[in-house]
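Presented below is the structure to which this report refers.
Only the coordinates and a few stated rules stand behind these numbers; no lab work does. In this text, all values refer to a predicted model and were calculated from it rather than measured experimentally. Positions of Cβ are generated from backbone atoms using ideal geometry, with glycine treated the same way; all protein chains shown enter the neighbour counts.
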Amino acid sequence: MTVREQIEQIAGLLPVPVYLVDEGGRFLYANDRLRRLFAMSQSEVSDYNIGDFYADRPHRAALVDKVRRQGELIKEIVTFTSGDRNIQVQMSCNPVENERGEFLGYFGVLVEVTEEAQYHSVFDAHLPAGVYRLDNHDRVTQANLGFANLHGYASADDIIGRPATDFYADANEAAKVTEEILQQREINKRKVKLRRKNGQMFAAYVTAVAFFDRHDNYAGRAGVIEDRTVEEQYERLSQDIPVGFYIVHAVDDKDLVVDCNEEFARIFDLPSRAAMLRQDLRDFHFSPQETAALMEKLKEAAARGGTVLGEHFRIRTAHGAVKTIEVNARPQTDGEVIVGRTGAIRDITEEVEMRDRITALTNDIGAVLHTFRHTLTQLKHNISSVADILAGAPNTTVRPQTADELEEEIRPPLHELSVAVDRFVTTTANVTHAVALEKKDREDLLRAVGVMNAYRTRNKAHWRATWIDGAARVLAICKRIRPNTVARDAYRPMILAAERIGVLTGLATLSIAREAIAAVDTPLESLYGFVIGRRNQEAKEVVSLESCVTEAINSLADFANERGVGIRFDGESRHEVYVRRVEVTRAIQNLLHNAIKYSWARGEKRPWVSIIVTINERAMVEVAVENWGVPIPQEEIQKGLVFRLGFRGRLSSDRGRLGTGVGLADSLSVAKTLGGSLTIESRPAAPMGNPREYDKPFITTARIALPPARNS
Amino acid sequence: MIPKKILWIEDDALNELGELATAVYFELEYELDFALSATEGVRQLHKQTYDAVVVDVRLPPGDDPKWHSLHYEFGADDKTARLGLTLLRNVLGRDKGWTAKLPREARDPKLYGVLSIDPWDDIRGDLESVGVSIYRNKKEGTRVLLAIIEDILQQRNGNGDYV
């Protein structure tokens, strides 16, 4: 019997795939099991080459080389491909000679290990954890690639035989872990600090089970290590940020803390996280009512599968302090029962106190503003009454208003006064009547009239004050005329003329006072609306913008009249917007008030403000309020300074104009809330030489644009 | 009698504070000039010799770019810029800056008084550093302008400088 026949006879009996191939790999023989493995028929055997079945063809060349060098292959893992299936086998192989001693081929035996190989592949290369086994001296006897890689080694072979202490950051901790295992026989996810080959530390969980021999002697342990570097970073972060994280288990009407960060413990005034663990949170709740309300919220959240967010809740801390916290929690349920919750809390005690203080302060400011406005209204009425008395008729339009008008009206009485004083002084210069008035008083009379008549050489701003002061001086001197020393007719014209001058200048002074009140009244109203309005917001409605403009005009009619400024508005059209009427009217009122306040006369004509309502290029309804007068520097517009609360423009306080710096900020806030915009433009009315030349009138246009009702 | 020349550097001289001028007019002894900004103040001091100069602390810059930049540097707010004090420092201090060409008469600290809303304690140091000792608060009443003018004239007279 030839060697080949012997092989075929034995191979036919073996329960594993067996083959014989020549030097090049062509099959000389394949038993039944091998043919089934590679799906070959008996007649085809010699047509196939084993190399065709290698998943990795160069692998065969390496193995042939190895078998030549070593004379055999023992349990080499090889992957074959048959059809669309990968097959892992343990291959053992020997070169075989024929009966003449010549090389016959390679005789191989395969043991299929596909499932086992897959398991090993996962275990060794792909398991994202380190699996290990230690002997009774805590030396590594087995480890997967994951274990090696976690510790910075290239392969598991590099760590076999090393003591466990090599892998711990601290040898004491390694001893402690062993001690715990000996006592408890197992540990589960114990947090440890491990060390890589390069000395770098990393955080990990260790899980292990100890083995004992039949005499109950420690025989080693097997376990898993898991990298928790990222988790530890999160943990550290959670310790650093001012938010308390926690996990609570609900047991028998108790909310037991099973985990939390340091901040959580700090909020409850406990010294550490450890002190907080296993505490019943309900012991810290401020009142049973608030606890019940929170539980109700949690139930609702659980029912809809959601979370409780931003709930304000009071606690009494370990020090007895009452704090307000913001609770954010997700209930954990088992069926319909709430078994606990996870969440985050924030200490908002100061925030709440601050908010309360601001509310109280806002109320105070509102009350003060209300009183101011009330006082101003009263003052305005009183001024009107005094004006009526001075003028000798009710409902007098307070006139004259301007220095020019006053000069016009005062010229006749001033002339009468001069003539009367001259006549009186001449009369009393006579010895017979000299006793009527002291010489100094006579001189003062002349001086007063002289000053009053010298008004043309002075600034118009001072005329009124000079006249009213002069008239008062004359009347005071007249009171000192000794009775029965001179005929009454000699000084009566003097008194009448001085009184007339006093009335006219008095009326002008009242006019200025009323104008000042009107000037400050709207800003105050605006400030009041700005402060209080936010809390008492009315509902939105569809209104015609023209009606808001009309309302704003009516409320400022008095002010415009005092200032001598006309308002031009054609309210015939109707543009509807969906807004809060009071707010929009106030916003327009602010713009109109500014336009009146900063208007100058256009040449000889009386100044006016024009208001136009249109649809702009962005299809928004727009109110444009335009006036000629005080410029707004470009810088203030470009930087948006004009819209800042409390901002007073560089040129806005000229001519003593009053203001609070609230109007434009308020109008902008109203426009923005309603989805609109506010723009300001200031351009020279006539070409200018020098851009700093702000004494010529500018055209200022304020535009408030709002979305039309149909879009809202 | 030749009326004495008075300069009042005050931006509000023609508005609310205008009434303070009335008492001065009725004395018939003074010729009152106004300067409504720091620029105008320096300009007037170049143009004319005065017997008394009353200066406000919170002055606007006026149209001179140098005063403008200074005003911006100090926050573009009259209240914090206190250009009145800067004006006095420039005119009377060592660092003459852009007031170097002012006539010698204008450099006498006794010529100046400060009429301001700022309390004396707040500006005392600045005023003393340039030798100005006359100060009155605007809140004193309608005759305060006349009073400070008389203070200045009396101080100059007392020292034999007043002519």
Count, for each residue of B:20-29, the Cβ atoms from other chains sitting within 10 Å of its Cβ, then give me the mean as a whole number.
5
Return the calculated 222 nm mean residue ellipticity for chain A, to the nearest 500 deg cm²/dmol, obtained by summing -39500 (n - 2.57) across DSSP H runs with n ≥ 4 and dividing by the residue count.
-13500 deg cm²/dmol
Set A:Lys597/B:Lys47; A:Lys597/B:Lys79; A:Lys597/A:Lys639; B:Lys110/B:Lys139; A:Lys597/B:Lys139; B:Lys47/B:Lys110, cut-off 25 Å on Cα-Cα distance; pairs above it are A:Lys597/B:Lys47; A:Lys597/B:Lys139
Is there a simple number for the mean count of other chain Cβ atoms within 10 Å of the Cβ of residues in A:463-472, and what is it?
3
For region A:338-472, I need the span (max minus min coordinate) of the C-alpha atoms along each principal axis, in Å, sorted largest to smallest.
116, 34, 30
Taking A:334-340, A:188-194 and ranking on average Cβ neighbours within 10 Å, highest first, one gets A:188-194, A:334-340
Sorting A:Val642, A:Val248, A:Tyr54 by the position of each Cα along the dipole of the protein assembly as shown (Lys, Arg +1; Asp, Glu -1; all at Cβ), the one nearest the positive end of that ordering is A:Val642
Averaging sequence separations of C-alpha pairs under 8 Å and six or more residues apart, then dividing by the length of region B:1-64, give the relative contact order as a whole percent.
47 percent
Within the set of other residues whose C-beta is less than 14 Å from the C-beta of A:Asn49, count the net charge using Lys and Arg as +1 and Asp and Glu as -1.
-2
Per Stokes-Einstein, at 25 °C and 0.890 mPa s, what whole-number D in µm² s⁻¹ belongs to region A:501-562, with the Kirkwood radius over Cα pairs as the hydrodynamic radius?
172 µm²/s
Add +1 for every Lys or Arg and -1 for every Asp or Glu among the other residues with Cβ under 12 Å from the Cβ of A:Leu496, and state the total.
0
Count, for each residue of A:439-447, the Cβ atoms from other chains sitting within 10 Å of its Cβ, then give me the mean as a whole number.
1
When only Cα pairs under 8 Å and 6 or more residues apart are kept, what is the percent relative contact order across region A:358-515?
35 percent
Entries of A:Lys440/A:Lys479; A:Lys460/B:Lys5; A:Lys254/A:Lys297; B:Lys4/B:Lys66 with Cα pairs more than 24 Å apart:
B:Lys4/B:Lys66
Give me the lysines in straight-line cross-link reach of A:Lys193: C-alpha distance below 26 Å, same-chain residues under 8 apart excluded.
A:Lys176
Taking the Cα centre of the protein assembly as shown as origin and charging only Cβ (+1 Lys, Arg; -1 Asp, Glu), how large is the dipole, in debye to the nearest 20?
3500 debye
Shape of region B:18-135, Cα gyration tensor, a/c cut at 1.5
rounded
Is the shape of region A:1-113 best called rounded, prolate or oblate, per the rule: a/c under 1.5 gives rounded, else a/b larger than b/c gives prolate, else oblate, with a ≥ b ≥ c the square roots of the Cα gyration tensor eigenvalues?
oblate
With each label point set 7 Å from Cα along the Cα-Cβ vector, what nm distance links A:Asn453 and B:Lys47?
2.8 nm
Charge dipole (region A:130-287, unit charges on Cβ, about Cα centre) - positive-most of A:Ala164, A:Leu237, A:Pro271
A:Ala164
Taking R0 as 51 Å, what's the FRET efficiency between B:Lys79 and A:Arg314 from their Cβ-Cβ distance, rounded to 0.05?
0.65
Straight-distance crosslink candidates among lysines, where the alpha carbon sits under 28 Å from A:Lys540 and sequence neighbours closer than 8 are dropped
A:Lys672
Report the paramagnetic label zone for B:Asn157: residues of region B:1-16 whose backbone N is under 19 Å from a point 7 Å from Cα along the Cα-to-Cβ axis.
B:1-7
Least to most buried among B:Leu14, B:Leu20, A:Leu678 (fewest other Cβ within 10 Å first):
B:Leu14, A:Leu678, B:Leu20
I'd like the orientation of helix B:144-158 relative to chain B: the angle between its Cα long axis and the longest Cα principal axis, in ° from 0 to 90, rounded to 10.
80 degrees
Env charge @ A:Lys176, Cβ radius under 13 Å, K,R +1 / D,E -1, value -2
Would you please give the FRET efficiency between A:Val368 and A:Lys540, computed as 1/(1 + (r/R0)^6) with r the Cβ-Cβ distance and R0 = 25 Å, to the nearest 0.05?
0.25
Helix runs (DSSP H) in chain A reaching 30 Å along axis by Cα, Kyte-Doolittle at least -1.0:
A:349-391, A:403-429, A:488-533
Could you order peptides A:583-589, A:538-544 by the average number of other Cβ atoms within 10 Å of their residues, highest first?
A:583-589, A:538-544
Round to the nearest 10 and give me the degree value, 0 to 90, for the angle of helix B:120-129's Cα axis relative to the longest principal axis of chain B.
90 degrees
So for R0 = 45 Å, FRET eff. of A:Lys460-A:Glu353 from the Cβ-Cβ r, to 0.05, ends up at 0.20
From the alpha carbon gyration tensor of the protein assembly as shown, can you work out the equivalent ellipsoid semi-axes (sqrt of 5 times each eigenvalue) and give them in Å, largest to smallest?
104, 33, 32
In cubic angstrom, how much convex hull volume per residue do the alpha carbon atoms of region A:422-524 span?
103 Å³
For region A:71-83, in order, what is each residue's ³J(HN,Hα) by Karplus, 6.51 cos²θ - 1.76 cosθ + 1.60 with θ = phi - 60°, in whole Hz (x at glycine and Pro)?
x, 6, 10, 10, 6, 7, 7, 10, 9, 9, 10, 9, x
Which of B:Lys5, B:Lys138, A:Lys75 has the fewest Cβ neighbours within 10 Å, and the rest in rising order:
A:Lys75, B:Lys5, B:Lys138
Please rank A:Glu311, B:Glu128, fewest neighbouring Cβ atoms within 10 Å first, as an exposure proxy.
B:Glu128, A:Glu311
